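Visitor: Questions regarding the structure given below will be posed in turn.
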Amino acid sequence: MNSSTYDEVFTPLSVNKFKHRARIALGNCPKQKPEMAQNVIPLQREASLTCSVEELVDQIIGPLQREVANLITCSKLKLEEALNIRSHREASISTCDLYNAGLATSFKKKQVYPSKNLKVLQTHHEQQETKRIPKPFSSTKIDKPFDICSPQTSEDLVEETALVLGPGMILLKHYIPFLEQVNIISKCRELGCGPGGFYRPGYNDGAKLHRYMMCLGLDWNPQTKSYGERRCHDNAAPPLLPNEFISLVCRALDHSHTLIERNLKVDNVNDALPKMSPDVCIVNFYPSNGRVGFHQDRYETQESLDKRLPVVSFSIGDSAEFLYGEQRDVNKAKSVLLESGDVLIFGGESRHIYHGVKAIVPDTAPPVLLEKTGLKPGRLNLTFRKY
Ligand SMILES: O=C(O)CCC(=O)C(=O)O
Ligand SMILES: [Fe+2]
């Protein structure tokens, strides 16, 4: 059965709930509260007339000293808090056996995009500076230092989590940092405009896929379902896989190994999720009405399939409703939202899962990413494998 046949299985889009969820994930972030001095001891305003001058001074100055000390401590704590947001890189772990019971397990950790870190630190820095430094000359107007970046929105702050969707199937939420997403888009654009770049594959019967495609490493022919050195329609050789893409795939796999080792009771992490260094990649661009039918990825070499080497997939831009399941029946599939920056991995026991993209959720790409790159409405997906 070919992809276009599967495509017909899909029902009309129902995307509002995903739009909502995407907004929650990207937008609802705790706002920085204004700084407040807490636990400040109130100033003692009345002094006893019967005491000595020293005691009087002590009664007035003592609380003042404590107040100043408290203010300093509070400021220090607030500053440390800001720094902590930045340095809080360790995963805080949830229950590890959930996925054995058929539920997705999640490992949470905060990730702050670099711009957000900067913003938090600059805000505090500025506040501290204005409090401390007196104006040297009252007649001299000192401009605020020029900020070379526009203020970032709260959408920059996202939570990095990992979900175990099945044995050997891990979803690293918001894993790809903002600047790497930008680099991936610009690299794909550069390669995609050259020989072997993006095209819209079709079938002999005239049907076209609901996505644009570019292959890296080897060409994948959706019509013949085979890999080759050159593509049939224009004899172009696919561009090579950029090294930075390979490194990011390996990093995501290393990270998943660490999470599995720390949180799941598996005998051998390399069996649960074998490692690999990819040599082929299909880059898909799904416009707003894009999709891909329910299918298995099973056309790599027998060696690669026997070793159950994982498929690693990056999502950038608009979110996608992704379906997956052990059975061919799409009605029994589970659904998960893939958002910009997510990395989905399925290897080991999950290497042969059925999967597909049911719908793209319009207007869900992070606005800053669109501003920075000019990415068209839709979703960029890079799916890596070892041939
Ligand atoms: O876009 C995706 O997330 C899935 C792509 C896919 O399944 C494929 O290229 O084989
Ligand atoms: Fe696939």
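Visitor: Dipole of the stretch 185-237, Cα-centred, from +1 at each Lys and Arg C-beta and -1 at each Asp and Glu C-beta, to the nearest 20 debye?
Guide: Working: 8 positive and 5 negative charges, 37 e Å.
Rounded to the nearest 20 debye, it is 180 debye.
Visitor: Suppose we take every Cα in the stretch 138-277 and form the convex hull; what volume per residue is that in Å³? Mind dumping the intermediate values first?
Guide: Details: hull volume 30.2 nm³, N = 140.
Given the Cα convex hull of the stretch 138-277, per-residue volume reads 216 Å³.
Visitor: Then there's this: Quick one: order Lys265, Lys376 by neighbouring beta-carbon count within 10 Å, fewest to most.
Guide: Ordered from fewest to most neighbouring Cβ atoms within 10 Å, Lys265, Lys376 come out as Lys265, Lys376.
Visitor: On to the next question. Over the stretch 242-350, what is the relative contact order in whole percent, taking alpha-carbon pairs under 8 Å and six or more residues apart? Walk me through the numbers before you get to the answer.
Guide: Working: 108 pairs, mean separation 28.9, N = 109.
In percent, rounded to a whole number, it is 26.
Visitor: Continuing with this model, one more query. Under 5 Å between amide H atoms, partner at least 5 residues away or on a different chain: which partners does Thr161 have, H built in plane at 1.01 Å?
Guide: Here the answer is Lys109, Lys173, since their amide H atoms fall under 5 Å of that of Thr161.
Visitor: Given 10 Å bins starting at zero, what is the percent of C-alpha pairs of the stretch 293-351 in each, up to the one with the largest pair distance?
Guide: The calculated distribution, bin by bin, is 20, 47, 31, 2.
Visitor: Report, in debye and to the nearest 20, how large the dipole of the stretch 312-364 comes out about its Cα centre when Lys and Arg carry +1 and Asp and Glu carry -1 on their Cβ. Write out the running numbers ahead of the final one.
Guide: Values: 5 positive and 8 negative charges, 54 e Å.
Result for the stretch 312-364 is approximately 260 debye, rounded to the nearest 20.
Visitor: While we're looking at this one, here's another question. Would you mind computing Rg(Cα) / (2.2 N^0.38 Å) for the stretch 167-233, counting N as its residues?
Guide: Values: Rg = 15.1 Å, N = 67, 2.2 N^0.38 = 10.9 Å.
Here the Cα radius of gyration is 1.39 times the empirical estimate.
Visitor: How large is the charge dipole for the stretch 236-387, taken about the Cα centre, if only the Cβ atoms of Lys, Arg (+1) and Asp, Glu (-1) carry charge, to the nearest 20 debye?
Guide: Once rounded to the nearest 20, the dipole reads 180 debye.
Visitor: Also, I was wondering about something else. Can you list the residues, at least 5 places off or on another chain, whose amide H is less than 5 Å from the amide H of Val311, using H built in the peptide plane?
Guide: Phe346, Gly347
A short reminder: the numbers here are calculations on the coordinates, not readings from a lab. All values reported here derive from a predicted model rather than from experimental measurement. Please note: Cβ atoms are built from the backbone with ideal geometry, for glycine as well, and neighbour counts cover all protein chains shown.
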